[in-house]
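Report on one structure; see the data block that follows.
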């Protein structure tokens with residue numbers, strides 16, 4: 001089976017490649033001759049993931065999957081959600097995004113949040129969604145230098161370390177993205193004839 005992962009993020013590409021069942025050839029959009037970025041115009045994580053996967057499948061005729069991830073904070077009504085990367089502006093500056101988040105939560109006792117990843121898979125006869133969730137709390141200041149995005153202020157449930165303080169293997173064992181990727185891997189393993 002050959003499948004395209006609609007991402008230009010090499011970190012995510014290596015992450016999923018390591019857990020896919022044997023016998024799957026994983027391609028990037030660049031490997032498939034697609035060099036342009038696909039705009040994320042959906043109003044939800046599900047829509048954004050599906051848009052990317054559908055476009056890659058339509059352009060190549062090869063099964064494709066894409067992911068989208070958002071941080072959802074309860075006391076902010078689920079924000080930043082689908083706008084997580086652009087929370088403080090179109091330039092996607094994560095330091096400014098974190099500053100805005102902490103400013104909005106300043107003085108709030110209720111800081112419960114979750115990271116949510118949605119993966120959309122599109123192929124000749126079907127479309128499927130897979131979700132992964134990691135619950136936690138937004139702390140008041142950054143801790144740690146690993147990871148990316150909101151990791152320095154996200155303290156997962158039942159952990160004394162933020163995602164940014166964890167070794168990659170520790171984070172991967174409990175992360176939202178790895179949960180969604182594992183669900184996709186199980187599905188692909190059970191459906192080897194997908195094209």
Which of the numbered conditions does residue 145 fail, given that it passes all the others? Conditions: (1) surrounded by 15 or more Cβ atoms within 10 Å (Cβ to Cβ); (2) outside any helix (DSSP H, G or I); (3) in contact with a helix residue (DSSP H, G or I) (Cβ under 7 Å, 6 or more places away or on another chain). (1)
Would you check which residues across the range 124-142 are surrounded by fewer than 21 Cβ atoms within 10 Å (Cβ to Cβ), in contact with a helix residue (DSSP H, G or I) (Cβ under 6 Å, 6 or more places away or on another chain) and over 30 Å from residue 191 (Cα atoms) and list them? 139, 142
Only listed residue being modelled with pLDDT under 95 and more than 18 Å from the chain's Cα centre (by Cα), chosen from 159, 75, 103, 145: 145
I'm checking my understanding of the structure. Among residues of the range 92-123 that are over 18 Å from residue 185 (Cα atoms) and touching a residue at least 60 places away in the same chain (Cβ under 8 Å), which one is surrounded by the most Cβ atoms within 10 Å (Cβ to Cβ)? 115
Going through the range 6-16 one residue at a time, which ones are touching a strand residue (DSSP E or B) at 6+ places or on another chain (Cβ under 6 Å) and farther than 18 Å from residue 49 by Cα? none
Could we say that residue 136 is under 17 Å from residue 74 (Cα atoms) and at pLDDT below 95 here? no
Looking only at the range 36-50, filter to residues that are over 17 Å from residue 9 (Cβ atoms) and modelled with pLDDT of 95 or more; which one of those is surrounded by the most Cβ atoms within 10 Å (Cβ to Cβ)? 50
Residues of the range 137-162 being without any contact (Cβ under 8 Å) to a residue 40 or more places away in the chain and touching a strand residue (DSSP E or B) at 6+ places or on another chain (Cβ under 6 Å), which ones? 137, 139, 155, 156, 157, 162
Name the single residue, out of those in the range 1-14 being over 24 Å from residue 86 (Cα atoms) and modelled with pLDDT under 90, that is nearest to the chain's Cα centre (by Cα). 14
Is at least one residue of the range 174-181 over 22 Å from residue 5 (Cα atoms), touching a strand residue (DSSP E or B) at 6+ places or on another chain (Cβ under 6 Å) and not in a loop (DSSP other than H, G, I, E, B)? no
What strands (runs of 3 or more DSSP E) completely inside the range 1-115 contain at least 3 residues that are over 17 Å from residue 150 (Cα atoms) and in contact with a helix residue (DSSP H, G or I) (Cβ under 7 Å, 6 or more places away or on another chain)? 64-73
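The values are calculated or read from the model by the stated rules, or taken from the named source; none is laboratory data. Just so it is clear, the model here is predicted, and its values are computed rather than measured. Using ideal geometry, Cβ is built from the backbone for each residue, glycine included, and neighbour counts are taken over all protein chains shown.
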